[in-house]
Amino acid sequence: MFEVLSNDPLAPEVHRLVVSAPRVAKARRPGQFVIVRLDEGCERIPLTIADADAGAGTITLILHAIGASTRAIAATPAGGTLRDVAGPLGKPTHLERWGNVACIGGGVGTAVLYPLAKAAAEAGNKVYPVIGARSADMLILADELAEFAEEVYIATDDGSRGRKGLVTVVLEEMLAGKLPRPDAVFAVGPVPMMSAVAELTRPAGVPTIVSLNPIMIDGTGMCGGCRVTVGGETKFACVDGPEFDGHLVDFAGLASRLKMYRREEAAATEAHTCRLGRADGVSEKPSRE
Ligand code: FES
């Protein structure tokens with residue numbers, strides 16, 4: 001059992017849990033994730049390790065409570081327990097000293113982006129987060145990113161904070177040299193957003209790393225649930241990723257696979273059961289958050 005030490009709302013339906021998991025906290029590196037199971041028989045939910053404190057033996061998880069299982073986990077109060085926290089899983093983020101790094105996060109993808117951006121800054125890069133959400137109340141981690149970023153750019157669909165529009169508008173200005181031009185880009189968020197970022201950076205020749213969120217079940221490369229096509233080859237996001245070269249990812253195939261379990265998830269949500277897992281907790285067939 002893993003004790004939940006705190007559970008704070010960050011935005012509507014978005015919770016930040018600090019969980020006691022000393023072994024994971026010690027072993028974890030940026031970019032890795034865990035698979036969480038609330039109780040026996042519950043769905044396995046992959047969640048990015050947003051942060052960790054090896055000394056305190058804690059990890060921080062951020063999840064979007066939009067399905068039966070993530071709602072159940074999000075409802076776990078401080079003092080409650082999670083039955084399983086398996087990990088750390090996946091490959092750690094590949095880091096270089098690129099120079100300027102644009103870190104683009106859409107929605108709850110910003111929770112996955114945060115540890116990558118922090119690691120890039122610690123590796124000596126100048127980090128420029130560009131984070132977007134539907135509205136100001138849905139933005140997360142802007143203040144936390146500002147602690148190590150050169151500047152945080154914000155875009156909201158309704159213009160309630162920052163620019164009105166998509167994060168790609170800011171990226172276009174960066175690539176045009178109107179804002180600091182990136183030498184590398186991280187992008188995490190909805191598939192259309194990551195695809196759009198990759199198409200903008202491809203002609204500019206800017207290396208682009210995306211963190212993919214396919215459906216995950218075992219998280220160990222055995223089930224094939226998280227398979228994605230990268231550079232024409234089949235890869236398993238849980239063991240070969242979750243980060244890949246954005247210019248090589250088949251985003252259309254990924255989008256198609258993410259739709260596969262919508263009917264089952266709707267049924268599980270309707271029944272308030274805790275059965276089905278995604279690498280961002282967003283869908284509920286499990287995929288990572
Ligand atoms: S989650 Fe089963 S192979 Fe990746």
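So if we plug the beta-carbon distance of residue 123 and residue 39 into 1/(1 + (r/R0)^6) with R0 = 41 Å, what FRET efficiency do we get, rounded to 0.05? Provide the component values of the computation, followed by the final result.
Working: r = 39 Å, r/R0 = 0.94.
Given R0 = 41 Å and the Cβ-Cβ separation, E is 0.60.
Does anyone have the angle between helix 262-271 and the longest principal axis of the chain? Alpha-carbon axes, 0 to 90°, nearest 10?
Relative to the chain, helix 262-271 is tipped by roughly 50 degrees.
Distance from a point 7 Å along Cα→Cβ of residue 151 to each backbone N in region 172-188: keep the residues under 15 Å and list them by number.
In region 172-188, the label zone of residue 151 (backbone N under 15 Å from the point 7 Å along Cα→Cβ) covers 172-183.
Rounding to the nearest 10 and keeping the result within 0 to 90°, find how far the Cα-based axis of helix 109-122 lies from the longest principal axis of the chain.
Helix 109-122 and the main axis of the chain meet at about 60 degrees.
Computed FRET efficiency, Cβ-Cβ of residue 134 and residue 229, R0 35 Å: what is it to the nearest 0.05?
0.75
Counting only heavy atoms of protein chains, what accessible area per residue, in Å², does the chain have with a probe of 1.4 Å? Display every interim value, and only then the final one.
Numbers: 11810 Å² over 289 residues.
Result: 41 Å² per residue.
Residue 66's amide H: which non-local residues (gap 5+, or another chain) put their own amide H closer than 5 Å, with H modeled 1.01 Å from N in plane and none for Pro or chain starts?
Here the answer is 71, since their amide H atoms fall under 5 Å of that of residue 66.
Show the residues, 5+ positions off or on another chain, whose built amide H is closer than 5 Å to the amide H of residue 58.
Answer set, sorted by chain and number: 21, 53.
With unit charges on the beta carbons (Lys and Arg positive, Asp and Glu negative) and the dipole taken about the Cα centre of region 119-220, which residue among 200, 123, 216 sits farthest to the positive side?
200
Roughly how many percent of the accessible protein surface of region 115-232 is carbon and sulfur, given a 1.4 Å probe and a whole-percent answer?
Details: 2400 of 4790 Å².
Carbon plus sulfur share of accessible area: 50 percent.
Among 116, 166, what's the order by accessible area (1.4 angstrom probe), most exposed first? Could you put the intermediate results ahead of the total?
Numbers: 116 5, 166 105 Å².
The ranking, largest first, comes out as 166, 116.
I'd like the trypsin sites (Lys or Arg not before Pro) in region 131-234 restricted to DSSP loop residues with at most 10 other Cβ atoms within 10 Å, sorted by number.
On the way: sites: 134, 161, 163, 164, 178, 227; in loops: 134, 161, 178.
When the trypsin sites (Lys or Arg not before Pro) of region 131-234 are filtered for loop state and at most 10 Cβ neighbours within 10 Å, 178 remain.
Take the Cβ-Cβ distance between residue 220 and residue 83 as r, set R0 to 30 Å, and report the resulting FRET efficiency rounded to the nearest 0.05.
On the way: r = 18 Å, r/R0 = 0.59.
Approximately 0.95, to the nearest 0.05.
Specify the angular offset, from 0 to 90 degrees and rounded to the nearest 10, of the alpha carbon long axis of helix 191-204 from the longest principal axis of the alpha carbons in the chain.
30 degrees
Using a probe of 1.4 angstrom, how much of the accessible area of region 1-95 is carbon and sulfur, in percent? Please report the intermediate quantities before stating the final value.
Working: 1950 of 3790 Å².
Result for region 1-95: 52 percent of the exposed heavy-atom area is carbon or sulfur.
The values are calculated or read from the model by the stated rules, or taken from the named source; none is laboratory data. Nothing here was measured: the structure is a model prediction, and the numbers come from that model. Ideal geometry is used to build each Cβ from the backbone, glycine not excepted, and the neighbour counts take in all protein chains shown. Protein only, heavy atoms only, side chains kept; ligands, DNA and RNA dropped before computing areas. Shrake-Rupley method; radii C 1.70, N 1.55, O 1.52, S 1.80 Å.
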